[in-house]
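First the structure, in the form of structure tokens, and then the observations on it.
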Protein chains: 2
Amino acid sequence: MKFCSACGQPVSQRIPDGDHLPRYVCGACQTIHYENPRLIVGCVPEYDGKILLCKRAIEPRLGYWTLPAGFMENGESLQMAAARESMEEALATVEIGSLVAIVNVLHAHQVHVLFRARLLNPNVGAGPESLAVGLFEEHEIPWPDIAFRSVEFALRRYLEDRRNGRDGLHFHDLTPPPTA
Amino acid sequence: MKFCSACGQPVSQRIPDGDHLPRYVCGACQTIHYENPRLIVGCVPEYDGKILLCKRAIEPRLGYWTLPAGFMENGESLQMAAARESMEEALATVEIGSLVAIVNVLHAHQVHVLFRARLLNPNVGAGPESLAVGLFEEHEIPWPDIAFRSVEFALRRYLEDRRNGRDGLHFHDLTPPPTA
């Protein structure tokens, strides 16, 4: 952030009166511009025991497999966002169930929220952000080609809970992966 | 939003290629400025059966009672945010537990996330955003003076669950209240 979105003049970082963290503050109109974590919302759609995955057509992680998920939009609920992403990425009609995972992605300033979901019919297809979609038995899941650590976490907890007849909510914190 | 935070030139609303919602887009550098819901995170701190509430020293709802809660900051987890807000608003040291409520506040573009929490000692006090803090038995809670509908929802579900020996997670969607 270099300029004020309210008046167009330059911003600088300083700690406002009564605050305790540096914020971008406009030197002209004094508007304080707060930056907060964003919500990425998705689900684990299941149909006849199989899991719906999407092969990404966009960066990051183009060509890798993921659960339907994306940025929550203003004016929708978490559940609406998860259902919308399923429709957009996999042309999938889902019924959103309980929460399975919440992953704090500390370095990315994101919170990833994944629900259980029932895929209402097997008529799925690749939306514009997907190269392909597929329904996978547990033993068919392409673990080395899963796009994101949060998605792998949610999928593994989902499958464990399913085996154990549970319906848990699992938290996880992610920091940057170790570099080679 | 009137100006681009990257280059300072005017923005206008249009639907970018491949998108389906209007966004603020810079006419000069073409940066797309996404706006997403913000997370408000807090907790229900309990000590010896009593609930910690804070009387607000700031607008909105100055003078009304609330649970410790506030905007999540970049770089922290939901749990860290809930604990930080308890310290800031009530000088309270808490141990964050399970989720009790997630409230989608559709018109405000917010998601309110409330955890159960154990207040580790009764040494609490009013932080700069509080006029007073107090530990309330269930029958002492000032229901007509609770600041926000999401806080009332979380408190009521918390107390119901406690009576029933449960530990549920409760969802709720809020739209604007009816006007007189």
Which one of these is at pLDDT 95 or above, more than 27 Å from A:ASP173 (Cα to Cα) and of a type in the set (Asp, Glu): A:GLU73, A:GLU85, A:GLU89, A:GLU137? A:GLU137
Picked from region B:15-45 (must be buried (at least 16 other Cβ atoms within 10 Å of the Cβ), more than 30 Å from B:GLY97 (Cβ to Cβ) and hydrophobic (A, V, I, L, M, F, W, C)), the residue nearest to the chain's Cα centre (by Cα) is B:VAL25
Pull out all pairs, ordered by first then second residue, where Cβ-Cβ is under 8 Å, the residues are six or more apart or on different chains, the first lies in region B:150-164 and is under 19 Å from B:THR175 (Cα atoms), and the second is polar (S, T, N, Q) and surrounded by 15 or more Cβ atoms within 10 Å (Cβ to Cβ). B:VAL151/B:THR66
If you take the residues of region B:15-69 that are closer than 16 Å to B:GLY134 by Cα and basic (Lys, Arg), which of them is nearest to the other protein chains (Cβ to nearest Cβ)? B:ARG56
Pull out all pairs, ordered by first then second residue, where Cβ-Cβ is under 9 Å, the residues are six or more apart or on different chains, the first lies in region A:1-22 and is over 13 Å from B:GLY8 (Cβ atoms), and the second is assigned to a strand (DSSP E or B) and among the hydroxyl-bearing types (Ser, Thr, Tyr). A:SER12/A:TYR24; A:GLN13/A:TYR24; A:ARG14/A:TYR24
A:SER130 vs. criteria in contact with a Lys or Arg (Cβ under 7 Å, 6 or more places away or on another chain), surrounded by fewer than 14 Cβ atoms within 10 Å (Cβ to Cβ) and modelled with pLDDT of 95 or more: no
For region B:5-14, indicate whether the set of residues that are exposed (fewer than 13 other Cβ atoms within 10 Å of the Cβ), more than 7 Å from every other protein chain (Cβ to nearest Cβ) and within 30 Å of B:ARG163 (Cβ to Cβ) is non-empty. no
Testing B:THR179 on (1) among the polar types (S, T, N, Q); (2) under 17 Å from the mean Cα position of the chain (by Cα); (3) modelled with pLDDT under 95, one condition comes back false. Which one is that? (2)
Under 14 Å from the mean Cα position of the chain (by Cα) and either surrounded by 23 or more Cβ atoms within 10 Å (Cβ to Cβ) or hydroxyl-bearing (Ser, Thr, Tyr) (or both): which single residue out of A:VAL105, A:VAL151 fits that description? A:VAL151
Residue check, A:GLY75 against (1) in contact (Cβ under 8 Å) with a residue 40 or more places away in the chain; (2) more than 14 Å from the chain's Cα centre (by Cα), all met but one. Which one? (1)
Against the conditions (1) under 13 Å from the mean Cα position of the chain (by Cα); (2) part of a strand (DSSP E or B); (3) more than 7 Å from chain A (Cβ to nearest Cβ), where does B:ALA117 fall short? Just the number, please. (1)
Considering each of B:PHE153, B:PHE171 in turn, give the residue that is within 21 Å of A:GLU76 (Cα to Cα), assigned to a helix (DSSP H, G or I) and modelled with pLDDT of 95 or more. B:PHE153
Output the residues belonging to region B:70-95 that are more than 14 Å from chain A (Cβ to nearest Cβ) and of a type in the set (Gly, Ala, Ser). B:SER86, B:ALA90, B:ALA92
Taking region A:50-74 and keeping residues in contact with a Lys or Arg (Cβ under 9 Å, 6 or more places away or on another chain), surrounded by fewer than 17 Cβ atoms within 10 Å (Cβ to Cβ) and among the small types (Gly, Ala, Ser) leaves A:GLY63
If we ask which residues in region B:23-53 are assigned to a loop (DSSP other than H, G, I, E, B) and either of a type in the set (Val, Ile, Thr) or farther than 22 Å from B:VAL111 by Cβ (or both), their number turns out to be 7
Test result for B:PHE115, aromatic (Phe, Trp, Tyr), surrounded by 13 or more Cβ atoms within 10 Å (Cβ to Cβ) and in contact (Cβ under 8 Å) with a residue 40 or more places away in the chain: yes
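The values are calculated or read from the model by the stated rules, or taken from the named source; none is laboratory data. A quick note: this is a predicted structure, and the numbers were derived from the prediction, not measured. Cβ: placed from backbone, ideal geometry, glycine included. Neighbour counts: every protein chain shown.
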